[in-house]
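I have placed the structure first, in the form of structure tokens, so that the comments after it can refer back to it.
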């Protein structure tokens, strides 16, 4: 019992001594890992551990593998990787290989240009819109002083008929009172009611005649009261009540541009004479020109309503809202040997409004004659599933997001501050986009770099690898822990 208080310290000393002897005997195995020399730290395996004796620099370091690099938050910000959409997950997307087809913006035949004519003979006393002005449907364009004797006669007849109606109604009311009192027969009342109806019919006919010749409702009411109207206003016409165009436009939003004046102030015009020419550029056509060899994909695109991309050379990105893909509305006549044939796509125009000289003006984005480039879909890019039958939609990335090294292609997947290099299979690429196959080294859950910063990350990875294998001194502006 008295020896137990001495036994515990003795056993502790023996255990510590045994551990020390074992550590000394195996020192060649563990000593290089705990206290590496400077040359051993450069050679590679200890790069992920702190205390390797290197200074922190260039904002990034890399782990023990050569397929990844770690970037500091500052380095990521310098590459723009902190911006929205710079790094994001992938979504399987339907993609078509496309061929470029030239095109041009054109008017819609029979709808874009519209002449304004006079409905009556008169003298132009006021011109309210001039070439370059933008007007809406219902805006006043001209004021005409009437010189038509026919219209003056119709106004006189209307005022006379209105007075006759007053007399006829008063007489009918008297007869109705007598019939009610029993002193007059009902046949007389029927005759008086028919007379009132005949006069009302005449008044309605006169009113319609005046409205057909351009008088407003207010002017016709004045003529019915006996006031002779001597001038009429010509207004901008309303749009068609029905249209093939897939983008409906409200009447109060219909915009015209005055292209040409055909009369001058003080000129006498006849009924049916053109006063001015208006152009409506809100809805246009894109006319594409295809070769005979492109007939099959063109017909397929029209039958399936496949979206066709439109590019506008010379425009800077961000100047205007993006134009959605268009679909073919109709195709032109078959081409002669070696010639091209047209096909047409409806185009909704865009404009910017500004004020000049106290008037609202509009700067249209698209004008007839403007050249465009169409991207016609010719082949759907897919891969087959494990069963060999089901189609797997690919991933689509901007061209700068994929790094090429000889025959190999790579993307960078973000995992925290570490960016891992993953090999991918390219199915198709052009100057704007790269299509990669699903499966393999990437999935829809991976956060992939979607900008041209991928090339900078790849250079940083190569610089780190060269620094590791260089065997000394200069680290080329970067360090690793």
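Please verify whether segment 326-335 includes one or more residues that are modelled with pLDDT under 90, in contact with a strand residue (DSSP E or B) (Cβ under 6 Å, 6 or more places away or on another chain) and more than 20 Å from residue 109 (Cα to Cα).
So far as segment 326-335 goes, yes, one or more of its residues are modelled with pLDDT under 90, in contact with a strand residue (DSSP E or B) (Cβ under 6 Å, 6 or more places away or on another chain) and more than 20 Å from residue 109 (Cα to Cα).
Please work out which one of (1) assigned to a helix (DSSP H, G or I); (2) more than 19 Å from residue 153 (Cβ to Cβ) is the condition residue 222 fails and give its number.
Of (1) assigned to a helix (DSSP H, G or I); (2) more than 19 Å from residue 153 (Cβ to Cβ), only one is false for residue 222: (2).
Residue by residue through segment 400-429, note down the ones that are without any contact (Cβ under 8 Å) to a residue 40 or more places away in the chain and touching a helix residue (DSSP H, G or I) at 6+ places or on another chain (Cβ under 7 Å).
Selection gives 429 alone.
Which residue out of 23, 75 is touching a helix residue (DSSP H, G or I) at 6+ places or on another chain (Cβ under 9 Å), modelled with pLDDT of 90 or more and assigned to a helix (DSSP H, G or I)? Steps first, answer last, please.
Working: 23 fails: modelled with pLDDT of 90 or more.
Result of the check over 23, 75: 75.
Quick test for you: out of 80, 132, pick the one residue that is under 41 Å from the mean Cα position of the chain (by Cα), at positive phi, in a loop (DSSP other than H, G, I, E, B) and in the same structural domain as residue 446 (by TED's automatic domain parsing). Please lay out each step first, then the result.
Details: 132 fails: in the same structural domain as residue 446 (by TED's automatic domain parsing).
Only one candidate passes the filter, namely 80.
What is the residue count in segment 428-476 for residues that are modelled with pLDDT under 80 and within 21 Å of residue 407 (Cβ to Cβ)?
Qualifying residue count, segment 428-476: 2.
If you go through segment 137-145 one residue at a time, do you hit one that is outside any helix (DSSP H, G or I), surrounded by 18 or more Cβ atoms within 10 Å (Cβ to Cβ), within 45 Å of the chain's Cα centre (by Cα) and modelled with pLDDT under 90? Can you show your working first?
Within segment 137-145, the subset outside any helix (DSSP H, G or I) is 137-145.
Filter once more, keeping what is surrounded by 18 or more Cβ atoms within 10 Å (Cβ to Cβ): 137, 141-142, 144.
Filter once more, so that each one left must be within 45 Å of the chain's Cα centre (by Cα): 137, 141-142, 144.
Right, trim to modelled with pLDDT under 90 and you get 137.
Looking through segment 137-145, at least one residue is outside any helix (DSSP H, G or I), surrounded by 18 or more Cβ atoms within 10 Å (Cβ to Cβ), within 45 Å of the chain's Cα centre (by Cα) and modelled with pLDDT under 90.
The values are calculated or read from the model by the stated rules, or taken from the named source; none is laboratory data. The structure displayed is predicted, hence computed values, not measured ones. With ideal geometry, Cβ positions are generated from the backbone for all residues, glycine too; neighbour counts draw on all protein chains shown.
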